[in-house]
Every structure is written in structure tokens, then in C-alpha cells.
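Peer 1: The structure that follows is given in the form of C-alpha cells.
The values are calculated or read from the model by the stated rules, or taken from the named source; none is laboratory data. Note that this is a predicted model, so its numbers are computed, not measured. Glycine also receives a Cβ, built like all others from the backbone with ideal geometry; neighbour counts cover every protein chain displayed. When the accessible area is computed, the model is the full protein with side chains, heavy atoms only, and any ligands, DNA or RNA have been set aside. Shrake-Rupley method; radii C 1.70, N 1.55, O 1.52, S 1.80 Å.
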Amino acid sequence: MENFNLTFKQRLHELLSCNTASITFNEDNAPSDKIEKDLELYINSLNKKSNYLTHSNLETWIDHRHNYPTVHPHHQKILDVIKEINPASVCELGAGAGQVSKYVYAANPEVDLTCVEFAESHYKQMLENFDSRSTVLNPDVKVKANTINASAHNLKNLIDDDSQELVYTCTLVMHLPYLIALSVACEIARISSKYVLHIENPNDIINTVSVGDVKNEGIEHNLNGLTIDYKSLYEKLGFECVFNDTVKDPYADCNYVYFLAKKK
């Protein structure tokens, strides 16, 4: 598991057990060798473009239901939290074309902003959105940010420990297999100096539940069908819960988790 966070490797079964089904894992029912095989399968799948649906251009990110500064309620929650806690540095994992981070920067131009995106096409669109084609997505502002083209599960040598006052995700974790989502949480805990914020579907409806090209294949308990207990997970990672709310999505037949935690 050399590509994964040290905490994730050392506390694997403890973290696997932070699920809403209250299933406890150990070496007997979740052998480490099988988990490592699944992780290798995931790593090998990252470059397979068929596994990742991408936007074809920056224009496809336009949301005609919202006219900035009126934004999607999920995005507004992020802006509200940032306004309340006033962090000096903010990091978004899974930033896509940087739409939400652009909102953050427009409202907080002095913030030290870092944006991480894995999909190369989305990363290029983010660079356009932040600079060369900043007029396509409102607000029309050029964004100063540290942009990183990498997978959120492994940011070693890219983002230092305790370097980001707030780390947030918005509809990233819900598209990750359970096993990988836990590793991402460990990376978030490593780089966050103070706060963690998640705006996510709990994975009960639209989770990709896949590792590589094969869905639902892996160890005995169908790990990738499980959902994260964010409160339990981050308590084990050294945070205390500020809020953990379930919110009805206004545009889809599903709920979302609004979770904020503060480092102890």
C-alpha cells in the first residue's frame, strides 16, 4: 500500500469499521492482502478514461438554474462556513473546473487557495476558468490559486502536513469506492490544520461502488457498498464534530450530508 496514507495503512481495520452499517472489520473478515489487491486494482484503473465521465468543455459547467451570486444551496453552505470561520487557507479536493473555488475566491480574495483535481481535462478547464477564459463561468474574476493535478488519495510531497486551515470536498467522496474514500479522509486529516468540511451524498444512491472496471468485486462484505460514518471516522482521526446534518437535495431525490469537524 505504498501509494496510500500511512495512517490508513496502520489503522486499516479500525477505519474500515467507521460505516453506517456498524460492521466491524478485522483481519478475519477483511484480510489485508485482499484489500491491498483491491487498492492495486484501483491504482491501475486511474488512467482508464472509460471509468471517469468528464465535461467536454468549460461551457458545460454552466448551471442555468442559478445566476451568480445566487448559487446552488450546497455551494452556498460552503461559502457560509468559510464566512463564519474565516480561514487563512482553503483547499478543495476534487475541484473539477474550479467553479466552487471561484465562488470562494471571489468572496475571499485574500485567501490562500489550493485546488486539487485528478481528471486532466477538468484540470485544464480549471486553468481556463481561473485565467484565460474567466468570462465563461460567473463570477468573471481571475483566480489566484495553487492548482494540483493529482488524485486526492495520495498528496504526499504535494501538500504539507497541517498546511491547510480548511479542507473541503463537494460531491467528490460520493463518487469514490468506500475503501478509497477512507484513504482520502486520512489525507484530508493529514493536511488540515483545523477544519474539515464535506458536502456529499452519503453514497446510498449514486455511489459508483466500483474498483477498476469491475463493480462490487472484492472482499467478502462488499466494502464498496458501505457508507461512511463521518462523525465516527473523523473522531478517530483526531477531530471533533461541529455539525453533522442530513439535508434534502432540492433538485434530486436524495439526501446530502453536511459535515464540519474541527481538529482537537
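Peer 1: Leaving ligands, DNA and RNA out of it, work out the accessible area of T20 with a 1.4 Å probe and give it in Å² to the nearest 10.
Peer 2: 90 Å²
Peer 1: Follow-up. Note down the accessible area of D28, probe 1.4 Å, to the nearest 10 Å².
Peer 2: Roll a 1.4 Å probe over it and D28 shows about 130 Å².
Peer 1: Here's something else I'd like to know. In whole Å, how far is the Cα centre of segment 90-114 from that of segment 134-178?
Peer 2: Measuring centre to centre over Cα atoms gives 8 Å.
Peer 1: Which of the lysines could a cross-linker bridge to K34, judged by Cα under 20 Å and excluding same-chain residues fewer than eight apart?
Peer 2: K9, K215
Peer 1: Pairs of lysines 8 or more apart, or on different chains, with alpha carbons under 16 Å: count those in segment 55-161, would you?
Peer 2: Lysine pairs meeting both conditions in segment 55-161 amount to 7.
Peer 1: Show that you can apply the helix-only estimate: for the chain, add -39,500 (n - 2.57) for every DSSP H stretch of four or more residues, divide by all residues, and state [θ] at 222 nm to the nearest 500.
Peer 2: Computed mean residue ellipticity for the chain: -8000 deg cm²/dmol.
Peer 1: log10 I(q)/I(0), Debye, Cα-only the chain, no solvent, q = 0.07, 0.10, 0.11, 0.16 Å⁻¹?
Peer 2: Ignoring solvent entirely, the Cα scatterers give -0.23, -0.48, -0.58, -1.29.
Peer 1: Leaving ligands, DNA and RNA out of it, report the carbon-plus-sulfur percent of the accessible area of the chain at a 1.4 Å probe.
Peer 2: Roughly 46 percent, rounded to a whole number.
Peer 1: Follow-up. 7 Å from Cα along Cα→Cβ at both V247 and H66: what's the point-to-point distance in nm?
Peer 2: 0.9 nm
Peer 1: GluC sites (Glu not before Pro) within segment 3-37: which are DSSP loop residues with at most 15 other Cβ atoms inside 10 Å?
Peer 2: E27
Peer 1: For segment 1-154, count all C-alpha to C-alpha pairs, find those more than 24 Å apart, and express that count as a whole percent of the total. Present the calculation step by step, with values, prior to reporting the outcome.
Peer 2: On the way: 5555 of 11781 pairs.
Looking at segment 1-154, the distances longer than 24 Å represent 47 percent of pairs.
Peer 1: Give the accessible surface of the chain per residue, rounded to a whole number of Å², with probe radius 1.4 Å and ligands, DNA and RNA excluded.
Peer 2: I get 47 Å² per residue for this part.
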